[in-house]
2 protein chains.
Amino acid sequence: MSKNAFYAQSGGVSAVINASACGVLETARRYPNSIAKVLAGRDGIIGALTEDLIDTSLESEDAIAALKHAPGAAFGSCRYKLGAVTEHRALYERLVEVFKAHDIGYFFYNGGGDSQDTTYKVSLVSTELSNPIVCVGVPKTVDNDLPITDCSPGFGSMAKYLATSVREAAFDLMAMSRTSTKVFVLEVMGRHAGWATAACALAAEDESDAPHVLLFPEIAFDEERFLAKVKSALERYDHCVIAVSEGVKGSNGAFLSAGSEDAFGHAQLGGVAPLIARLISTKLHCRCHWAVPDYLQRSGRHIASETDVEQAYTVGWAAVEFAINGRSAIMPAIRRISDIPYRWDIVEAPLAAIANKEKLLPRDFISDDEFGITEAARRYLAPLIVGESYPPYRHGLPAYVRLQNVAVPRKLAEAFDIQS
Amino acid sequence: MSKNAFYAQSGGVSAVINASACGVLETARRYPNSIAKVLAGRDGIIGALTEDLIDTSLESEDAIAALKHAPGAAFGSCRYKLGAVTEHRALYERLVEVFKAHDIGYFFYNGGGDSQDTTYKVSLVSTELSNPIVCVGVPKTVDNDLPITDCSPGFGSMAKYLATSVREAAFDLMAMSRTSTKVFVLEVMGRHAGWATAACALAAEDESDAPHVLLFPEIAFDEERFLAKVKSALERYDHCVIAVSEGVKGSNGAFLSAGSEDAFGHAQLGGVAPLIARLISTKLHCRCHWAVPDYLQRSGRHIASETDVEQAYTVGWAAVEFAINGRSAIMPAIRRISDIPYRWDIVEAPLAAIANKEKLLPRDFISDDEFGITEAARRYLAPLIVGESYPPYRHGLPAYVRLQNVAVPRKLAEAFDIQS
């Protein structure tokens, strides 16, 4: 007796979250006896709360296959955290009500730590309400901060974008440094974990290669030591490339560049690169340029890592395989078997051990002087960016699919206001 | 009786200036009876002034061929303008002296408007000093502001980078706009000419597609009209993507974001995107993100336009062909024969007609409301980004060649201080 499945995408998007969607949808279609239809939430969990469901069975096989090449989130994503069950019980009950109305027996939620937490809570509440739903998280976060899994799909492609950009900017800087700019500062994502900052170091093949200085969110910014490091690089190479995490903090623990807050109460950052550039030009009297790629780094599907795309697809596939075998309150995690060659498989990780935990950069991944990475970090990071996975192009631009996203007719009488 | 040739790269680099170097060097090697060796200037014209010449004959054929895939400037570039002959006669005489000492009969200078001006002046002075040198400019500028030529090599690849980035950021924004950021502002290069800003519009296939608002340097910024345009886009699409030229000016003619000056006395810009984002979040009360790709956009060889790479190579090839036929004080220019399919050939353009002229965006390329482009602009721009020209990859990153750059022994007694 088959049931419908619910699938939704959550949190900041990535170059490959749609590859996970592709893995879920293609696999679900292979098990019609278990999964009748996959109904997708429009804009993540909000689609479930507002009963705004998308009938994915209306999308062609070609359109589903093309998701493997498309950035963004094909069904829409959201920043919307459900909160504690005790305080927001009505939200969880509403979810279970909608799922019951649409005969949903499987819940797949594709996101980072907050989303795994939601998935876990839905599994608890649905069981408690005697309407048990098989709940499986699908990992995704460019921040790479999910625990247990070797890496988080989305990170490898951002890492490849960043390391490529550092290398290209360094060729630019080297060519011009004699009479023009000598310092280039690249600001990268990562509020608390320095994975993206560390990935920039993959651009270097030799010690003299860019990036010369990394500023991690895990290490308190020390102006004097930093300027000495930059000065030393300038003396040795006549140019200096710096990668700085948006989340770098001063010794007082405050973000160097603090901004407004996002919907989850996280600080919305951006703009530390110009600050660092101004510091250098003022104190070291040399010309600086800076770049803030912002969304370009997490949505740069044109330079995605093939390894990352494969992993993103595979966790989607594995989520469905686990689900039809009745495994619930779990998330498929990537397990590393070897570094060189990079071999990995999928294991089952309990959501209880994942929800709301952040995996920071281990201290032994950061070099002694705190401005670079260690060989251990390089061994970990290097395989994640390997392989190119070019999207198709049309008229010189990547051709990214857009789904029809036809809504399923509503079955419940009451509307639901997500502000409530 | 063969002579040596001098080749140098000048001004801001691009993703494809080395493809022009490849065209020059490979072609010169095919004419040993005319051109003995190509000596490259280290860091542009500075290499000639300081007699710091690179013996390119020591580079392997493979290394030269690999230049077609490498960003930056393989021999170094510079921002160094020679100025008027009447005021800086010593510089020009020094150049001719160095060229005489190294038996240089051909001068190839690869750059934008300032470089074409230098090339023209060298041709005049060398003739006047009874040591006539065949002087041929090789066009290059991501700003696309050289006159006569259909486009400037370097621009097509930057255009492709920008249009791709706009499209990818738009997929990101669309996925998240319901609960998160609604406006994305991308700052693009182009001090005076809005070519790069216009190229962003290639990302759109339909009227509803990003970018929704362009801010050109040719159009004075009008806050009220701009905010009304953004508001209207938000009402229609619930998100809005804006591409803003670094050179956008207020109604008083001053740059919105003015910075320090570069070596040519040009204002060094950057940072108008955060300013626009702040304006929108303050006045329209919605969340904005902004990106400043800076050097990433002009050195993004990984997303180069195949058309641009071909044109860059071809102008290098043509420069040598013209030179060995004795044509001097000219520049190979690209002539458009048809838009669809895009067909072009190379014609001879006199440097006198090129030097120090800037080709701005024609008014009929800007839409009536001044926030978009016309069909004429689209017809012009579309072919320039067509085709992909992927570099080789190693360990997941583009493998960009580095030459040995062995110096030719000095022949002159006097050193030369470029500060003088």
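Around the Cα centre of the protein assembly as shown, unit charges on the Cβ atoms of Lys, Arg, Asp and Glu (plus for the first two, minus for the last two) sum to a dipole of about 200 debye. The residue among A:ASN110, A:SER257, A:THR307 whose Cα reaches farthest toward the positive pole of the charge dipole of chain A, with charges on the beta-carbon of Lys, Arg, Asp and Glu, is A:ASN110. Dipole orientation for the protein assembly as shown: of the candidates A:ASN325, A:GLN9, B:SER232, A:ASN325 has the Cα lying most toward the positive pole (charges on Cβ; Lys, Arg +1; Asp, Glu -1). Accessible-area loss of 50 Å² or more (1.4 Å probe, protein heavy atoms, chain alone versus all protein chains) is found in region B:156-175 for B:ARG167, B:GLU168, B:PHE171, B:ASP172, B:ALA175. Hey, what angle do you get for helix A:17-29 against the long axis of chain A, alpha-carbon based, 0 to 90 degrees rounded to 10? With rounding to tens, the tilt is 30 degrees.
When accessible surface is computed with a 1.4 Å probe, chains B and A are found to bury approximately 6200 Å² between them, both chains counted. Shown here for region B:280-362: GluC sites (Glu not before Pro) in loop regions (DSSP other than H, G, I, E, B) with at most 14 other Cβ atoms within 10 Å, namely B:GLU358. Burial annotation for region A:356-404: residues with an accessible-area loss of at least 50 Å² between the isolated chain and the complete set of protein chains, computed on heavy atoms with a 1.4 Å probe, are A:TYR390, A:TYR393, A:GLY396, A:LEU397, A:TYR400, A:ARG402.
Summed over all non-identical Cα pairs, the Kirkwood treatment of region A:156-204 gives a radius of 11.5 Å.
Extending 7 Å from the Cα toward the beta-carbon at both A:ARG89 and A:ASP364 defines two label points whose distance is 4.8 nm. Would region A:11-61 count as rounded, prolate or oblate if I go by the C-alpha gyration tensor, calling it rounded below 1.5 in a/c and otherwise prolate when a/b exceeds b/c, oblate otherwise? Because a/c hits 1.5 or more and a/b fails to exceed b/c, region A:11-61 counts as oblate. Taking a ≥ b ≥ c as the square roots of the eigenvalues of the Cα gyration tensor, an a/c ratio of 1.5 or more together with a/b no larger than b/c marks region A:339-420 as oblate. Placing a label point 7 Å from Cα along the Cα-to-Cβ axis, B:MET1 is separated from the same position in the other copies by 10.1 nm, shortest listed first.
When +1 charges are put on Lys and Arg Cβ atoms and -1 charges on Asp and Glu Cβ atoms, the dipole computed for region B:55-187 relative to its Cα centre reaches about 500 debye. Taking every alpha-carbon pair within the protein assembly as shown, the share separated by more than 44 Å comes to 30 percent.
Cα centroid separation, region B:19-39 to region B:74-144: 18 Å.
Carbon-plus-sulfur accessible fraction, region B:367-415 (probe radius 1.4 Å, protein heavy atoms only): 51%.
Rounded to the nearest whole angstrom, the semi-axes of the ellipsoid equivalent to chain A, taken from the Cα gyration tensor as √(5λ), stand at 41, 22, 19, largest first.
Annotation: amide H of B:GLY76 within the under-5 Å range of B:ASP43, sequence separation 5 or more or interchain, hydrogens built in the peptide plane.
Heavy atoms of the protein chains alone define the surface here; on that basis chain A has 35 Å² accessible area per residue at 1.4 Å probe size. The modelled label-to-label distance between A:GLU223 and B:ALA65, using points 7 Å beyond Cα along the C-beta direction, is 5.4 nm. Using Cβ point charges alone (K and R +1, D and E -1), the dipole size of region B:330-405 about the Cα centre works out to roughly 440 debye. For chain B, the longest principal axis of the Cα atoms and the long axis of helix B:155-176 meet at an angle of about 20 degrees. Indicate the gyration tensor shape class of region A:1-143 (rounded, prolate or oblate), computed on the Cα atoms with a ≥ b ≥ c the square roots of the eigenvalues: a/c under 1.5 is rounded; otherwise a/b larger than b/c is prolate and the rest oblate. Note, shape of region A:1-143 comes out oblate. Straight distance only, please: which lysines reach the Cα of B:LYS231 with their own Cα at less than 16 Å, same-chain residues fewer than 8 apart left out? Those lysines meeting the cut-off are B:LYS182, B:LYS283.
The values are calculated or read from the model by the stated rules, or taken from the named source; none is laboratory data. Just so it is clear, the structure is predicted and the values come from calculations on it, not from any experiment. Heads up, the Cβs are rebuilt from the backbone with ideal geometry, glycines too, and the neighbour counts pull from every protein chain shown. Heavy atoms of the whole protein, side chains included, go into the accessibility calculation; ligands, DNA and RNA do not. Shrake-Rupley method; radii C 1.70, N 1.55, O 1.52, S 1.80 Å.
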